[in-house]
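Below: one structure, written as structure tokens.
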Amino acid sequence: MLEDTSFAIHPGKDQASKAVVYRDIGNLIAEDFSTIYKFTCESGNVAIQFYTSSIVRITMNPQTDPILNQSKSIIVKPETVKVEASSKGEFIILATSQLQLKIRKAPFRVDIFDKLGKELVSETERGMAYRENGEVVAFKKMYDYDHFYGFGEKSGHLDKRDEKFEMWNSDVYAPHNPETNALYESIPYFMTLRNGRAHGVFFDNTFRSKFDMASSEEYYTFSAEGGQLDYYVMAGPEPKSVLEQYTYLTGRIPLPSKWSLGYHQSRYSYESETEVRELAQYFIDKDIPVDVIHLDIHYMNGYRVFTFDKERFPNPEKLISDLREMGIRVVPIVDPGVKKDAEYAIYQEGVNEDLFCKYIEGETYFGEVWPGVSAFPDFTEEKVRNWWGEKHAFYTNIGVEGIWNDMNEPAVFNESKTMDLEVMHRNDGKPTTHRELHNVYGLLMGKATYEGMKQQLDGKRPFLLTRAGYAGVQRYASVWTGDNRSFWEHLQMSLPMVMNLGLSGVAFTGPDVGGFAHDTNAELLTRWTQVGAFTPFFRNHSAIGFRYQEPWQFGEKYEAIMKRYIQMRYEWMPQLYSLFYEASQKGLPVMRPLLMEYPQDEKTYNLNDQFMLGDNVIFAPILQPAITDRAVYLPKGNWVEFSTGEVFEGEKTYLIHAELEDLPIFVKQGTALMQGEWVSNTQKTPRNVNMNIYAGIAGEKYQFTYYDDDGETFAHEEGNYLKLDIEVISTNAKVEVNVVQKQGNFIPEYKEITINGIGLHDGQVLLINGQQRNTIPVVN
Ligand code: GLC
């Protein structure tokens, strides 16, 4: 809070001091290869474990034996991996089919290579080390052609080369600018792209940690204030395989309900039942599809969680069921702070059952948030998580299927912005301080909420939106990027932000469309809605005291354009849903930077203002005011502009014209796009589905999976889904579409899929499984 005074450059703060002495791990003294590969060094103990043949974990503890079972993120145990261990002079070699570790004994250094012998993560004069103050650090070699991505939720550009980051979940209302690097989420993970090949590093340490890819030309570092050096190296070699490996370790998103992929409308706050009903009716009257209306803090009685203000919201159950009839769900906000109020049942239970965070001396920690002085549940304890989860019956019993978790860094209105660092967490029997567990508070609140709702929803998929999180948050929640502002710069920044979150395993994300704080304007909101229609999470949200920004607030001209794009969101649902299915299976992001598909193409390495949905569609939105022309880079292949049908040759940059109503979209030739149709607010599941084949260039083969199911239950886990593996083969004479495999027993409302050949040239025929026809049956 004193950051805008001279305190910001206080000598005791973050400045690199010349007096800092890192104690190097030193020489190897003893080794033990009985189960895990263990090494005792002069100043630290190391364990090396292979999780798969492509994933190795290195743990260095300067004081004790490495602690191997405390992760809040990792959901798998090491597989049995065939490792060949050998000793050659001053080196020990550990090799799997995919990785080779070359370990030098004096001083102890670990260099990691892939199976082709290409260097992934290696050490030089400096290796693993610690400081007397408890800090642990790893120095790793950096090349001038290295590019870095991921790091979770960060401002700034796509490529994080020459940047420094801090991981400390922080409530930052303002500013979000390129040097605001600790935001709400901490995902201490990154991917390195080196000469077109990728590998990943996950530093699983929950203390305040730092990544420095800027201070030296020779090496980068990652460090943490305490704990041990505990990191995983993932071999890649493609960006996609790194994501598969990272999400194998930390989990993948559960398949979201279709309704949660629709349009969300929010405001801090729609303050009464009357206002919410009017809002819903506006959408219906204007025929603008909407799936969710969010209830911000005003719905509560004095901001007490698990209550309604009965003056403003006299009959929430009726409100929820009436809106449900209109095809709209209600998602209420739930913050962690429980108001200190001796007459409030949740607070009473928390005190009586001993569920709140406390100091070591036994006093409850109190901090000020929206309800005033509040206590904070200790989500690090299973008993507390269960209690909190069960409390959600208050909402699920009246028809709520989604919850919005906010302020869960946890945010507190004080100088440090959070809880006192010496507050103790019970941590399922291994008590430790908030200093160590701060970054996982939001993750564990998410776990409690998601699991509680899942139990209560009787087979329906819960939806959870969270502001704070740590590596693995994707297992429970989708993430929005917090309190942005209605600035064009924030629209611009949201693209690399969402893409890097996607590269960090969090596929279901998006910013507040239109901007949260500051007054939005017609043009900005329109352009932002065009982008939002194709970001994984699509919610318009604005703050108290600023202009209302529902799609109709700026007149008919703008409303018509926004309505069109919101409808397009629904038309694209079959494509989006198939991509979300892929994310749930493989951990791949839905919205991707071009480098993910074209890692050999340097032009994509820091391309911030374009993005892809899946592997075959590029979006190039206008991100500046009063601009109707922009440069668009198209990588290898031929690309068809979605609305005009114009064909562009790849590996070139074009100046593309886009009036306010236009969003340039390019579909790769030789591929396919699944499209549904928009019917009405209550009919969001398409009655007809089209497979549009963009006739390709000779010799190309494209494979993709179309996925569908009921969109809201877990019945797909019992085989109630439809999955078609399709291949498209183009030659000059014909375009062949083959259903290679059909799986599942879900029967959709549409009985067949219509196939359209787009851009077929004269004489070129479209063949479906060898026949000239234009449908695929989806019912046997
Ligand atoms: C925080 C959230 C914001 C919410 C507000 C009131 O600022 O980030 O989205 O509207 O609190 O609950």
(request) Only one of these is within 30 Å of Q585 (Cβ to Cβ) and among the hydroxyl-bearing types (S, T, Y): T526, T535. Name it. (result) T535
(request) Could you run through the stretch 531-555 and say how many residues are open to solvent by less than 10 Å² (accessible area, probe 1.4 Å) and within 14 Å of the ligand (Cβ to nearest atom)? (result) 7
(message) I'd like to check something: does the stretch 292-301 contain any residue that is of a type in the set (D, E, K, R), over 21 Å from P462 (Cα atoms) and not in a strand (DSSP E or B)?
(response) no
(request) Under 9 Å between Cβ atoms, at least 6 apart or on separate chains: pull out the pairs that start in the stretch 165-177 with a residue that is at negative phi and end on any residue that is away from the ligand (no atom under 14 Å from the Cβ) and at pLDDT below 95. (result) F165/N181; E166/D14; E166/N181; M167/N181; S170/T180; V172/T180; A174/T180
(request) Could you tell me which numbered condition Y268 fails, if it satisfies all but one of (1) within 16 Å of the ligand (Cβ to nearest atom); (2) open to solvent by less than 20 Å² (accessible area, probe 1.4 Å); (3) under 28 Å from the mean Cα position of the chain (by Cα)? (result) (2)
(request) Mind listing whichever residues of the stretch 501-530 are surrounded by fewer than 24 Cβ atoms within 10 Å (Cβ to Cβ), part of a loop (DSSP other than H, G, I, E, B) and more than 15 Å from the ligand (Cβ to nearest atom)? (result) D519, N521
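Let's see how each residue does on (1) within 16 Å of the ligand (Cβ to nearest atom); (2) outside any helix (DSSP H, G or I); (3) crowded, with 22+ Cβ neighbours inside 10 Å:
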| site | (1), (2), (3) |
| --- | --- |
| E278 | no, no, no |
| Y282 | no, no, no |
| D285 | no, no, no |
| P289 | no, yes, yes |
| F308 | yes, yes, yes |
| R312 | yes, yes, no |
| L319 | no, no, yes |
| R324 | no, no, no |
(message) Condition (residue is within 13 Å of the ligand (Cβ to nearest atom), out of contact with any Ser or Thr (no Cβ under 7 Å at 6 or more places or on another chain), more than 21 Å from P256 (Cα to Cα) and open to solvent by 10 Å² or more (accessible area, probe 1.4 Å)) applied to the stretch 487-500: is it met by at least one residue?
(response) no
(message) Take I328 and tell me if it is of a type in the set (A, V, I, L, M, F, W, C), more than 16 Å from the ligand (Cβ to nearest atom) and surrounded by 22 or more Cβ atoms within 10 Å (Cβ to Cβ).
(response) yes
(request) Taking the residues in the stretch 398-418 that are away from the ligand (no atom under 15 Å from the Cβ) and touching an Asp or Glu at 6+ places or on another chain (Cβ under 9 Å) as candidates, determine which candidate is nearest to F463 (Cα to Cα). (result) E401
(message) Looking for something open to solvent by 60 Å² or more (accessible area, probe 1.4 Å) and either touching a Lys or Arg at 6+ places or on another chain (Cβ under 7 Å) or not in a loop (DSSP other than H, G, I, E, B) (or both) - is there at least one such residue anywhere in the stretch 349-357?
(response) yes
(message) Out of everything in the stretch 98-144 that is hydroxyl-bearing (S, T, Y) and under 14 Å from T192 (Cα atoms), what residue ends up being most open to solvent (accessible area, probe 1.4 Å)?
(response) Y143
(message) Restricting to the stretch 32-55, count the residues that are in a loop (DSSP other than H, G, I, E, B) and either open to solvent by less than 60 Å² (accessible area, probe 1.4 Å) or within 16 Å of D114 (Cα to Cα) (or both).
(response) 4
(message) With more than 16 Å from the ligand (Cβ to nearest atom), over 18 Å from the mean Cα position of the chain (by Cα) and in a helix (DSSP H, G or I) as the only criterion, which of M596, M562 stands out?
(response) M562
(request) Give the stretch 451-493 a look and list any residue that's under 27 Å from K160 (Cα atoms) and assigned to a strand (DSSP E or B), or say none. (result) L465, T466, G469, Y470, S478, V479, W480, R485
(request) Those residues that are surrounded by fewer than 19 Cβ atoms within 10 Å (Cβ to Cβ), within 25 Å of V331 (Cβ to Cβ) and touching a helix residue (DSSP H, G or I) at 6+ places or on another chain (Cβ under 9 Å), I need them from the stretch 358-386; list them, please. (result) N386
(message) Return the pair list, or none, for Cβ contacts closer than 9 Å from residues in the stretch 332-360 that are under 15 Å from W388 (Cβ atoms) and hydroxyl-bearing (S, T, Y) to residues that are away from the ligand (no atom under 16 Å from the Cβ) and open to solvent by 50 Å² or more (accessible area, probe 1.4 Å), at least 6 apart or on different chains.
(response) Y347/K340
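The values are calculated or read from the model by the stated rules, or taken from the named source; none is laboratory data. Being a predicted model, the structure only gives us computed values, none of them experimental. A quick note on method: Cβ atoms are made from the backbone with ideal geometry, for glycine too, and the neighbour counts reach across all protein chains shown. Note: areas computed on protein heavy atoms with side chains; ligands, DNA, RNA excluded. Shrake-Rupley method; radii C 1.70, N 1.55, O 1.52, S 1.80 Å.
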